[in-house]
């Protein structure tokens, strides 16, 4: 190795941010292993690379003793004094043992170490870039499939979209551009692994942030999200400015904003409801598009009993209970839905939910969404 090699390391330091001294120390450590492997050396050697000229030298380290028993590890006091009259028993003497053809081994080793460190540095840069974007949305191109696992090209690296994070209604063809939510970024031996999701509630939230300037600016806030990916979702929105209609802002002119979100989610229906700090009002809003006549709140049991017109019962419950289930997820309340005729037959609205559970439908949220 020579001055040009040192210049190349300095250029690498400027372009890749890899410290030159750190690289040289790694090369020296690798050269020690290479020397031992090729020259059957004892373990006590030191390799030194001159920081300015790039010259490589190998030194054997021997301990000064009166009578050596292993000449590879020890040197007699008389021999040490011939080198330097100041040596004493117990001191360590370094004797240069650089092989004549060691330059070839050094060059090959340096190339391997530098290549490895460059790869590690690039992986580290990618990791820190994407770990800072966790819980954010990203656009990529479907690259390939491995069984049900989809790999997405992000330009400088590849991300994985596992089956558990896919929308059941999605189809992924090679070359398709998709938006996805970054769930997590993990370090692995093969580099950073970026895990994407198309089913996460956060994707819906981020899509609205992209389409609705009022949300991006903080005027309108998404308070809660409930999703059954690919089929139907509900979001609860609130305006910090009384002059701004949060639902109208999300829907947009002629529904263009919400339609853009629906198109990205391949036709998933999205209900936008108004958030309210009063639980009864919020539960009533969450059951939209059904009209609610009355809501009774039971704080201790976290139960909301709702009364709807007879002709609205099936709408409030939804197909296979979907509307009521999403409303429960959105609000965090167990929702007990009764029609007006059912409530009239009971003769009282204050009856405990457990007593009439078989008369209506009580739904508990499997999880609560944190916006």
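A few notes on this one:
- Looking across the stretch 96-130, the residues that are surrounded by 14 or more Cβ atoms within 10 Å (Cβ to Cβ), free of Cβ contacts under 8 Å to residues at least 60 places away in the same chain and over 28 Å from residue 190 (Cβ atoms) come down to 97, 98.
- Residue in the stretch 14-25 that is in a helix (DSSP H, G or I) and in contact with a strand residue (DSSP E or B) (Cβ under 6 Å, 6 or more places away or on another chain) present: yes
- Here residue 135 meets each of (1) in contact (Cβ under 8 Å) with a residue 40 or more places away in the chain; (2) loosely packed, with under 15 Cβ neighbours inside 10 Å; (3) outside any loop (DSSP other than H, G, I, E, B); (4) within 14 Å of the chain's Cα centre (by Cα) with one exception, condition (3).
- Taking the criterion of being surrounded by 15 or more Cβ atoms within 10 Å (Cβ to Cβ) and either without any contact (Cβ under 8 Å) to a residue 60 or more places away in the chain or assigned to a strand (DSSP E or B) (or both), the residues of the stretch 161-171 that qualify are 161, 165, 166.
- Count of the stretch 226-270 residues which are without any contact (Cβ under 8 Å) to a residue 12 or more places away in the chain and not in a loop (DSSP other than H, G, I, E, B): 8
- Screening the candidates 152, 185, 142 for the property of being over 13 Å from the mean Cα position of the chain (by Cα), in a strand (DSSP E or B) and buried (at least 19 other Cβ atoms within 10 Å of the Cβ) yields one hit, 152.
- Matching residues, the stretch 32-68, being without any contact (Cβ under 8 Å) to a residue 24 or more places away in the chain, buried (at least 16 other Cβ atoms within 10 Å of the Cβ) and not in a loop (DSSP other than H, G, I, E, B): 32, 47, 48
- The residue of the stretch 271-282 that is farthest from the chain's Cα centre (by Cα), among those that are under 16 Å from residue 237 (Cβ atoms) and part of a helix (DSSP H, G or I), is 281.
- Looking only at the stretch 291-308, and only at residues there that are part of a loop (DSSP other than H, G, I, E, B) and touching a helix residue (DSSP H, G or I) at 6+ places or on another chain (Cβ under 6 Å), the one that is surrounded by the fewest Cβ atoms within 10 Å (Cβ to Cβ): 291
The numbers here are math on the coordinates, done by the rules we state, and not lab data. Just so it is clear, the structure is predicted and the values come from calculations on it, not from any experiment. Note that each Cβ is placed from the backbone with ideal geometry, even for glycine, and that neighbours are counted across all protein chains shown.
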